[in-house]
Amino acid sequence: MADALVSAVSQQLTAILFQEAEYGVRLFVGIKEEEVKRLSSTLQTIRAVLADAEKRQLKEQAVKVWLDKFQNVSYDIEDVLGEWEIAILKMKIARDQSSSTSILLSKVRSWIHSPIPCITRAIHRYDIAVKIKKLNERLQVIAKEKDDYAFTVDQSRRHDLEPERERPITTSFIDVSDIRGRDRDKNVLVSMLLSKNNHEERGIPVISLVGMGGIGKTTLAQIAYNDHKVKAYFDKRIWVCVSNPFDEMRTAKAILEALTGVVSNFTELNTLLEQIHESIKGERFLLVLDDLWSEDERKWQSLKYSLNYGSQESKILMTTRKENVATIMGCSKLFRLGKLSKEESWSLFSHLAFFGRNDKERESLEDIGKKIAQKCQGLPLAAKTLGGLLRFKRSREQWQRMLSSRIWELEEAENGLFSPLLLSYYDLPSPLRQCFSYCSIFPKDYRIEKDFLIKSWMAQGFLGETQHKDMEIIGEEYFDNLVIHSFFQEFVKDENDDCIISCKMHDIVHDFAQYLRRNKSFLVASNNIEELDIESYQENARHLTLIHDEPVAIPDPIFNVKKLRSLHLNLNDSSAVSASLAKLLDQLTCLRILSFKDMNFGFKTSINAIPKEIGKLMHLRYLNLEGNSELEKLPETVCDLCNLQTLNIKSCKNLIKLPHRIGKLINLRHVQNVGTDRCRFMPKGMQRLTSLRTLEEFVVSRSDVESKSCSLEDLGNFTHLRGELEIRGLGNVAEPREAKKAGLRTKSGLRVLRLKFDSQEMQRINIEDENVVFEALQPPPHLESLGILNCRGPVAFPNWMTSLSMLKRVQLQNCLNWESLPPMGKLQSLESLEIEFLNKVKKVGDEILGVERGEGQSSSSSSNNNNNNIAFPVLKSLKFYYMKEWEDWEYGNLLTSTSEVIMPHLRSLTINYCLKLKALPGHLLHNTTLQELHIRGCPVLGARFEKGRGEDWPSISHIPTIQIDDELVLG
């Protein structure tokens, strides 16, 4: 982590000098060039020994203390350089603003030449110069101290080297009597090993056993390897503990020696492979490669080819912590190993902890023991480590002390429990290590939102940016890398695109993260802050999560922890918090992240006002106010936060407006504002935020606020927008040409678009112009979800709709004057269709399929798509709500006069409160793919589908799940 911090500081210093050169100004004349050079030189000198220091800090406390001192001064350097950057940035903003109007220009000139501001600027220059000089002095002391430790200088500058930790060498031998649980997993794995191979696949099948360190992969492989059925099935069994990095020669020698029983003296890899080839020819073998890490496919290929000459009923079983290693190795079957059950975990723990104890001792300790076993969270290594440790502790007081201790504070945890996790940790590149350890800020069992985590990494400066990759993309890659290394679990995925939305950390992995960030990150619940060592807390704390379920104010000790970089407040009393917030913000000027978001504890921080002092947080990059429903406005001083990257005001449902000077936030990349329905306009000047990647809602204003708001065409400035966008107030568009200037088609990163006209009494646009606006709002071709809401005119189906080949979801809502439905049947990727409150639609027929009645030809018959004669070729979910005039659903003679197929993959059909609908079409009643049918508030349909008696009951009785009104008829 220290190396990543130094790297960030060096890049920061380079960027500052570049900016000064770019603007042709030396802002801080009080800073001597020699001081800056000395600072940079000393940093690089220390950086050269950091790899060795990182290794040795695990065993040498003095080295750890030295490394902590260096990290602390590096943080302080970063803060001062940040002040320097901010001053340059503010000068740039002032220049940009002054050039836009001669009036403003004259004001800026008068400000510059006025005596008081000049004095202020001179003092600030001197202040920065003094700070850099003092930091240089501190750094020189630390640089001299490093000589006391005789660090090895890393000439290659590879700072991601792994500390020399002893890797345990595994063998195939195991005492089965010591094993608890895993019976089901053993049976599944043995079944995989004994199963017949698919001879259509080339080569020997590879079974990959994947899981986090300490989960029991090696143990399960040993159990299966020694199973009597496995022994009988395979002619030869070979066990190799693979080294890291993957050594082809050593691995090949180990395989050959296992096959022949003779120590190999060959020195050429090709000779070894030839001997392996001869030894396994026609043999049915099982090869276990335990603890594989290498992602270099080339090193594996030649060995794999030599093994292909064995019997095609052979198997290769590999264990690894990294799922992408399994992919690179050509995995045929993936076995993700999970946690032990509570019963299995207790059995393993108690087997060790109570070994040699009599019944009376066991009875007196069992209640505490079960609570300690729960801390293991199904991780076998944790149960073994803590159980083995307690075997030698005789008294109840000793067991109670173990229960009360945090695992990462136990000396035994570092050598036993954390040892395999340290191997995984040091397998990460240096930047990823700080990203992982930062996760210690979250409470245990907390569901971590991927988006929140990546934006937090970004705010802390952990993510660099290149010419070809945004920080957000790099953050996605980092997150995926941590997933691959098994640091995260219990994923929640988006049901539409299978992307991870959130995850959790295993409790032991969380303890490990806390161990890495000890004395830097603190998570405090209720009043436990009083138990901390406040003196060291003030000096070293950089990250704090404070959770209070009682209605109390912010605890006093927090006000003195002045170097915090992230503060997450989850408190339960808005009045008490608000009263002390101004004082808090006045003190914590180093903050990068300030969050008031509820952390899943059933109570919410609800701030009713943000004090003006927030403008003093010059380094702030992430302001998270999500869910603060009492908040009505933001102070204008928010606009002084020129480093702000993310403003999260999701679900601030009473927020009336954004600050009018928001255009000053030129580094703003994400405005997360979904659920702010009371905001009726976007402030003028917002069009200057050309770095925006996220803008969840854009509001086209009414005429009464036009003079202070952006227009629809200002969306054209946000060329980097991606993700989701809702445009509200389209009924307020003054000129239809504004829609074209919004440039939606060029925003290739957009995936979700909702076009929303406001209620009819508020609209100014002519009905005739509505279709013109629709046509001009052509989205990018890779759009995946489209919503059309609150239209006034007749059915509007713009020409661009059928060109959206990636469109998966469509929602049509409150289009009150539509008398028919648009021809969506030819949308080749459409999986979900939801139609609500289309009150003038009386019939659904051929028009929705995109087929012209009478000719039996598709309206898009010129298409070359193979699904031309399939309407809704991949539709899975279809929903109709509140269609109060809808009576008929039929397609005329279409099904008998053409080869058209309709909805061949439909799985779920929902029809709610369609009071007049008489029947469902035959193709749905007989659809064998339909798995769910939900009908509510449809009296005619309800009677037709009455179980056992309705006339159409026989046609739907094959559907697995049927729910009519509130009764679950089948399922």
Next on the checklist: If a residue must be open to solvent by less than 30 Å² (accessible area, probe 1.4 Å) and not charged (D, E, K, R), how many such residues does the range 649-674 contain?
Outcome noted: 13
Item to check | Considering residues of the range 204-238 that are of a type in the set (Gly, Ala, Ser) and either over 31 Å from the mean Cα position of the chain (by Cα) or part of a loop (DSSP other than H, G, I, E, B) (or both) only, the residue nearest to Asn265 (Cα to Cα) | outcome: Ala221
Item to check | Leading residue by the ranking (most open to solvent (accessible area, probe 1.4 Å)) among those in the range 176-195 that are free of Cβ contacts under 8 Å to residues at least 40 places away in the same chain and of a type in the set (D, E, K, R) | outcome: Arg184
Checklist entry - Take the residues of the range 246-301 that are among the charged types (D, E, K, R) and in contact (Cβ under 8 Å) with a residue 60 or more places away in the chain: which is nearest to Gln312 (Cα to Cα)? => result Asp290
Checklist outcome for this item: Asn839 meets each of (1) of a type outside the set (A, V, I, L, M, F, W, C); (2) open to solvent by 40 Å² or more (accessible area, probe 1.4 Å); (3) in a loop (DSSP other than H, G, I, E, B) with one exception, condition (2)
Checklist entry - Of the residues that sit in the range 755-777 and are out of contact with any Pro (no Cβ under 7 Å at 6 or more places or on another chain) and surrounded by 19 or more Cβ atoms within 10 Å (Cβ to Cβ), which one is modelled with the lowest pLDDT? => result Gln763
Checklist entry - What pairs come up if the first residue lies in the range 591-613 and is modelled with pLDDT of 95 or more, the second is open to solvent by 20 Å² or more (accessible area, probe 1.4 Å), and their beta carbons are under 8 Å apart, counting only those six or more places apart or on different chains? => result Arg592/Gly461; Arg592/Arg621; Ile593/Arg621
Next on the checklist: I need the full set of residues from the range 675-685 which are open to solvent by 50 Å² or more (accessible area, probe 1.4 Å) and of a type outside the set (Lys, Arg), in order please.
Outcome noted: Asp677
Checklist entry - Which ones in the range 548-569 are assigned to a loop (DSSP other than H, G, I, E, B) and at pLDDT 80 or above? => result Val561, Lys562, Lys563, Leu564, Arg565
Item to check | The listed residue being within 24 Å of Phe774 (Cβ to Cβ) and either of a type in the set (Phe, Trp, Tyr) or in a loop (DSSP other than H, G, I, E, B) (or both), out of Thr690, Thr719 | outcome: Thr719
Checklist entry - Quick one: would you say Asn496 is touching a helix residue (DSSP H, G or I) at 6+ places or on another chain (Cβ under 6 Å) and part of a loop (DSSP other than H, G, I, E, B)? => result no
Checklist entry - modelled with pLDDT of 80 or more and assigned to a helix (DSSP H, G or I) - does that describe any residue in the range 152-172? => result no
Checklist entry - Among the residues of the range 239-263 satisfying the criterion of being of a type in the set (A, V, I, L, M) and under 22 Å from Leu334 (Cα atoms), which is farthest from the chain's Cα centre (by Cα)? => result Val240
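Against the definition (modelled with pLDDT of 70 or more, more than 19 Å from Leu917 (Cα to Cα) and more than 33 Å from the chain's Cα centre (by Cα)), how does Arg809 come out, yes or no?
no
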Item to check | Matching residues, the range 222-241, being in contact (Cβ under 8 Å) with a residue 60 or more places away in the chain and either of a type outside the set (A, V, I, L, M) or touching an Asp or Glu at 6+ places or on another chain (Cβ under 8 Å) (or both) | outcome: Tyr225, Phe234, Asp235, Arg237, Trp239, Cys241
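Taking the condition at pLDDT 80 or above, among the hydroxyl-bearing types (Ser, Thr, Tyr) and open to solvent by 20 Å² or more (accessible area, probe 1.4 Å), does Thr545 pass?
Spelling it out, it is not the case that Thr545 is at pLDDT 80 or above, among the hydroxyl-bearing types (Ser, Thr, Tyr) and open to solvent by 20 Å² or more (accessible area, probe 1.4 Å).
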Item to check | Output for the range 429-442, where each listed residue is open to solvent by less than 10 Å² (accessible area, probe 1.4 Å), in contact (Cβ under 8 Å) with a residue 60 or more places away in the chain and not polar (S, T, N, Q) | outcome: Arg433, Phe436, Tyr438, Cys439, Ile441, Phe442
Item to check | Where a residue in the range 779-795 is under 19 Å from Gly723 (Cα atoms) and its partner, wherever it lies, is open to solvent by 40 Å² or more (accessible area, probe 1.4 Å) and of a type in the set (Ser, Thr, Tyr), with Cβ under 9 Å and at least six apart | outcome: Pro780/Thr746; Pro780/Ser748; Pro781/Ser748; Pro781/Ser803; Pro781/Ser805; His782/Ser748; His782/Ser805
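The values are calculated or read from the model by the stated rules, or taken from the named source; none is laboratory data. Computed from a predicted structure; not experimentally measured. Every residue, glycine as well, gets a Cβ built from its backbone with ideal geometry; the counts of neighbours run over all protein chains shown. We work out accessible area using only protein heavy atoms, side chains counted, and drop any ligands, DNA or RNA first. Shrake-Rupley method; radii C 1.70, N 1.55, O 1.52, S 1.80 Å.
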